[in-house]
Amino acid sequence: LPVFKVKNSISQQEEEIPFIDFFRKHVANKFSYPSFAEDHEIEGTVIVQFLINKEGNPEIMDARGPENGLVLEEEAVRIIKSMPTCVPAFCDDKPIKVSFALPIKFQMED
């Protein structure tokens, strides 16, 4: 699977972070509940289908959210598109593209 290379803040050594671990942190850091969705109490889960191409960049394939949740789908796509370039997956020493379908949950706090 793809991995992200980041510099350890303590040791200054470069480390590899598995894609799913980086994805979770990235979503948490970039997440912004759309004000329109808050104003209209729209919430739900958006499933974003994307691939990490041979160059390590995300390419959106589809985003499906709740009924009347287009604004949530747009935010989920924005989050995925803002991911930095990663080290792509490899098979037989050649970079390959890998597809994902991952959820991003939008839930308003009580």
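With respect to the conditions (1) within 19 Å of F22 (Cα to Cα); (2) surrounded by 14 or more Cβ atoms within 10 Å (Cβ to Cβ); (3) of a type outside the set (D, E, K, R), A101 falls short on a single one, namely (2).
Please work out if K30 is surrounded by fewer than 18 Cβ atoms within 10 Å (Cβ to Cβ) and out of contact with any strand residue (DSSP E or B) (no Cβ under 9 Å at 6 or more places or on another chain). Yes: the conditions hold for K30. Would you confirm whether any residue within the stretch 33-51 is within 12 Å of the chain's Cα centre (by Cα), of a type in the set (D, E, K, R) and surrounded by 13 or more Cβ atoms within 10 Å (Cβ to Cβ)? Checked against the condition, which is being within 12 Å of the chain's Cα centre (by Cα), of a type in the set (D, E, K, R) and surrounded by 13 or more Cβ atoms within 10 Å (Cβ to Cβ), the stretch 33-51 yields no hits at all. For the list (1) out of contact with any Pro (no Cβ under 8 Å at 6 or more places or on another chain); (2) farther than 30 Å from E15 by Cβ, I need the number of the one condition that I79 fails. Unmet for I79, out of (1) out of contact with any Pro (no Cβ under 8 Å at 6 or more places or on another chain); (2) farther than 30 Å from E15 by Cβ: (2).
For E73, the conditions (1) touching a strand residue (DSSP E or B) at 6+ places or on another chain (Cβ under 8 Å); (2) under 26 Å from V6 (Cβ atoms) are fulfilled apart from (2). Restricting attention to the stretch 25-78, the residues that are in contact (Cβ under 8 Å) with a residue 40 or more places away in the chain, under 30 Å from K94 (Cβ atoms) and touching a Ser or Thr at 6+ places or on another chain (Cβ under 6 Å) add up to 2.
What strands (runs of 3 or more DSSP E) lie completely within the stretch 20-110 and have 1 or more residues being of a type outside the set (V, I, T) and out of contact with any Asp or Glu (no Cβ under 9 Å at 6 or more places or on another chain)?
On the way: elements: 44-52, 58-64, 89-91, 94-96, 98-106.
Qualifying strands (runs of 3 or more DSSP E): 58-64, 89-91, 94-96, 98-106.
Do we find a residue being open to solvent by 70 Å² or more (accessible area, probe 1.4 Å), closer than 16 Å to P103 by Cβ, at pLDDT 95 or above and in contact with a strand residue (DSSP E or B) (Cβ under 9 Å, 6 or more places away or on another chain) anywhere in the stretch 59-67?
Residues of the stretch 59-67 open to solvent by 70 Å² or more (accessible area, probe 1.4 Å): 59, 61, 64, 67.
Applying the additional criterion that residues be closer than 16 Å to P103 by Cβ yields 61, 64.
Filter once more, so that each one left must be at pLDDT 95 or above: 61, 64.
Next, only the ones that are in contact with a strand residue (DSSP E or B) (Cβ under 9 Å, 6 or more places away or on another chain) stay: 61, 64.
Yes, the stretch 59-67 has at least one match.
Whether any residue in the stretch 7-19 is assigned to a helix (DSSP H, G or I) and exposed (fewer than 10 other Cβ atoms within 10 Å of the Cβ) is what I want to check. No, the conditions are met nowhere in the stretch 7-19.
The values are calculated or read from the model by the stated rules, or taken from the named source; none is laboratory data. Quick caveat, the model's predicted, so the values are computed rather than measured. Backbone-built Cβ (ideal geometry, glycine too); neighbour counts: all protein chains shown. Keep in mind that these areas ignore ligands, DNA and RNA; they rest on the heavy atoms of the full protein, side chains included. Shrake-Rupley method; radii C 1.70, N 1.55, O 1.52, S 1.80 Å.
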